[in-house]
Amino acid sequence: MFSDAGVMAIEHADFEGVERLALVTGGEIVSTFDNPECTKLGHCKLIEEVTIGEDKLLRFSGVAMGEACTIVLRGATKSILEEAERSLHDALCVLALTVKDPRTVCGGGAMEMWMAEAVTQGAAKTPGKISLAMESFGRALRRLPSIIADNGGYDSADLVSQLRAHHAKGEHKMGLDMMNGCVADMTQLGVLESYRVKYQLVVAASEAAEMILRVDSIIKAAPRRRAPPRRF
């Protein structure tokens, strides 16, 4: 019936995909054709079938909401594909937070080193055992630039000492340049991070450390006895 009228029909479409399609085309999902004149139709400029690998997909171009898009991920193995999907999901979450709160901070370990210096200075002015906890917190923050350097395959002791010297001079925009293995201005390199994400990371890590410190003892459960294998 649809082909006789020159209308393309798509079968076996999943409901989630239909919902997204209705959203970007400005249409309305209907379950019956009782009152077609009351139905809001969606529009797009072009519908074409494309082949990606061994899969055939339908691509809708020129939709009403031009910012809508589909990202196709491909990988050699399932584990690689899942890792790519998780990385993309994390990047989109960071982007969403940045849209809500556009404030950014310098990356490359610059903010961690700046926070560590501030905490260390505060510990020197704080009497009692609290200063010991503050010093430990500062050392933990200073470990993050060291981990960044180690992951890049560089000498973390040398780079972190250089970074600390720059921050001691008040050069708080300096961070680790992993492309060249040196200390550089993160604003000039465009290495920036979301302030909201950085804030949540510090808060979550601090809360996790506090929760572990509150544990007084650990009760170990007895190992489960393994039944001897049955012989037939």
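The numbers here are math on the coordinates, done by the rules we state, and not lab data. No experiment lies behind these values; they were computed from the predicted model shown. Neighbour counts are summed over all protein chains in view; Cβ atoms, including those assigned to glycine, are modelled from backbone coordinates with ideal geometry.
Quick notes on this structure:
- Taking Cα atoms only, the orientation of helix 156-168 departs from the longest principal axis of the chain by about 80 degrees.
- Degrees, to the nearest 10: 78-100 long Cα axis against longest axis of the chain: 80
- Peptides 126-139, 81-94, 46-59 ordered by average Cβ neighbours within 10 Å, highest first: 126-139, 81-94, 46-59
- Against the set [x] 1, 5, 8, 10, 11, 10, 8, 8, 8, 8, 7, 6, 5, 3, 1, 0, 0, 0; [y] 1, 5, 10, 12, 13, 13, 12, 11, 8, 6, 4, 2, 1, 1, 0, 0, 0; [z] 1, 7, 13, 17, 19, 17, 12, 8, 4, 2, 1, 0, the structure's computed P(r) over Cα pairs in 5 Å bins from 0, in percent falls on [x].
- Taking Cβ atoms as reference points and 11 Å as the exclusive limit, the residues near SER61 contribute a net charge of +1, counting Lys and Arg as +1 and Asp and Glu as -1.
- If the segment from GLU16 to LEU58 were pulled out straight at 0.36 nm per residue, it would be longer than the present Cα-Cα gap by 13.6 nm.
- Theoretical gain in end-to-end length, ALA165 to GLU37 [0.36 nm per residue, Cα-Cα removed]: 38.8 nm
- Overall form of region 166-232: prolate. Here a/c, set by the Cα gyration tensor axes a ≥ b ≥ c, is 1.5 or more, and a/b is the larger of a/b and b/c.
- Anisotropy class of region 88-215 from Cα gyration tensor, a/c 1.5 cut: oblate
- Taking 28 Å as the limit for the C-alpha separation, the pairs LYS100/LYS173; LYS125/LYS169; LYS198/LYS220; LYS78/LYS173; LYS125/LYS173; LYS169/LYS198 exceed it in the case of LYS198/LYS220; LYS78/LYS173.
- Extension reserve of the ALA9-GLU83 stretch, reckoned as 0.36 nm per residue once the Cα distance is removed: 23.1 nm
- Straight-line cross-link reach from LYS129 at under 16 Å between alpha-carbon atoms covers these aspartates and glutamates, not counting any fewer than eight positions away in the same chain: GLU210.
- Förster radius 45 Å - calculated FRET efficiency between ASP185 and ALA222 (Cβ-Cβ, nearest 0.05): 0.20
- Least to most buried among ARG142, ARG226 (fewest other Cβ within 10 Å first): ARG226, ARG142
- Tensor-based shape of region 40-162 (alpha-carbon gyration tensor, a/c under 1.5 rounded, otherwise prolate or oblate): prolate
- Neighbourhood charge, 13 Å Cβ-Cβ cut-off, centred on GLY152 and excluding it, Lys, Arg +1 and Asp, Glu -1: -4
- Dividing the mean sequence gap of close Cα pairs (under 8 Å, 6+ apart) by how many residues the chain holds gives a relative contact order of 14 percent.
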